[in-house]
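Every read-out reported here was derived from the displayed coordinates using simple, explicitly stated rules and does not represent laboratory data. As the structure is a prediction and not an experimental result, all values here were calculated from the model. Cβ atoms come from the backbone with ideal geometry, glycine included; neighbour counts cover every protein chain shown.
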Amino acid sequence: MDSRIEGFYKLEPRERLSAVADRAGLSAAAVDQLQNTGLDLESASDVSENVIGTLEYPLGIATNFRIDGSDRLIPMAIEETSVVAAASYAARMARETGGFETHVSGPKMIAQIQATGVSAPESAKVKILRESDDLIDLANEQDPVLVEHGGGCEEIEVRVVETPRGAMLVVHLIVDVRDAMGGNAVNTMAEALAPEIERLTRGDVSLRILSNLADRRLARATCTIPPAALESDETSLSGAAVRDRIVDAWAFAAGDPYRAATHNKGIMNGIDAVATATFNDWRAIEAGAHAYAARDGYGPLTSYEVDADENLACTIELPIQVGTVGGATRLHPVAQAAMDILDVESADELAGIFAAVGLAQNLGGLRALVSEGIQAGHMSLHAKNIATQAGAPEHLVDEIAAQLVAEEAVRQDRAEELIDEYT
């Protein structure tokens, strides 16, 4: 499958769908799901509560991605302009040197059991560790299907945590959740072990729930960009100058949490869009990513360096907790079609794709930011939104948007004036 589709953005939406269906080998049912999007109210009520309607996002396709030697078309559901374009542009740059390479540490989640009022926490810690084999067996009795598929609780950790309410004893269950996101599995195990932890600690167990700081489930991606690929047609900057500015922008984020927050938001633009498209829990991924970024003072999740060949070396590392089985993914027909487009075989493979998209999104945003400016590409797309909101007829939207950008007056009042002039 070739993810490089020349002029993809110029095609009409149905032509784009046809091109994706052909390259991804989508079934007629999947194509129909993409054409007739959304959940009916009955299905939506199975996903959430107090449902009165549904809300749709545009579903776009990021092209040009080559990840671990395989081309991928990336479904992204997002309302923010230029995100899909930026990811596609960065992926095209990365293709010249082989695309993205990924590494995932494995699908391990953490469940936490909190015990308060423990009079001798260090002694209690030893008692728990002494019985850890039995505790692991009890945890695994809660999900024999997971164990049958090679997963299950593998390890018990015990921590004494100092808090504003005094020392608390916290037990961690390290669980291989295989191809699931794993929330239900680890929560069930924690609930089952709670009485045993109370017995061993003589304390009071309160919380028993997963942690979204999934630092046992790290996804990493790398790519290399030659300076020539970074040259900007909009400025006189050389590729080497753009490369160095990107490294300086990363260094700014590494030194200043105000910048790091926006830097990481750019990463999550891409990751959240893929999570939304596949009905994975983007809120859990966001929580874990930002907590991971704040381990030693808040900083960037990506890094940029100049390698020995003068290329831009790009990396990302963050927790990615996603699933290909269970959860809500299979409840939404469009999410199912998005998974068909991705054509992944495991949660680890999906996590690697998420990391590659996050890196591409960040790289594309930084390149624009340090060269022609972030507004150049963003405004051309934003102008179309303004023209549409102002009531421009469909056949005039592009023309009015182009005029708004040319005048540097991307405002609704000016769009309304142009509508009056053109009609």
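Helix 83-95 and the longest principal axis of the Cα set of the chain meet at an angle near 90°.
Full-extension gain between Y57 and A406, please, as 0.36 nm times their residue separation minus the C-alpha to C-alpha distance. Roughly 122.8 nm would be gained on extension. Neighbours of L218 by Cβ distance under 10 Å: Lys/Arg scored +1, Asp/Glu scored -1, total +2.
Between D133 and V147, the contour length at 0.36 nm per residue exceeds the Cα-Cα span by 3.5 nm.
If you take all other residues with their beta carbon under 15 Å from the beta carbon of G203, and give Lys and Arg +1 and Asp and Glu -1, the sum is +3. For the peptides 59-68, 10-19, residues were scored by their other Cβ atoms within 10 Å and the scores averaged per peptide; the highest-first order is 59-68, 10-19.
Once the other residues with Cβ under 15 Å from the Cβ of V370 are scored (Lys, Arg +1; Asp, Glu -1), what is the net sum? Within the 15 Å Cβ shell, the charges total -2. The calculated FRET efficiency for the pair D309 and S236, based on their C-beta separation and a Förster distance of 22 Å, comes to about 0.35. A straight Cα-to-Cα reach below 22 Å connects K10 with the lysines K384, residues fewer than 8 places away in its own chain not being considered.
Rounded to the nearest 10 degrees, the inclination of helix 121-130 to the longest alpha-carbon principal axis of the chain is 90 degrees. Here K127 is the anchor, and the aspartates and glutamates within straight C-alpha reach of less than 20 Å, apart from those fewer than 8 places off in the same chain, are D137, E154, E155, E157, E162, E191, E196, E198, D204. Between 0 and 90 degrees, the angle of helix 282-293 with respect to the longest Cα principal axis of the chain falls at about 80 degrees. Put the Cα centre of region 344-423 next to the Cα centre of region 10-29 and the gap is 23 Å. Relative protection proxy for 172-178, 41-47, from highest mean packing down: 172-178, 41-47 (other beta-carbon atoms within 10 angstrom).
Model label sites at D40 and R295, defined 7 Å from Cα along the beta-carbon direction, differ in position by 4.8 nm.
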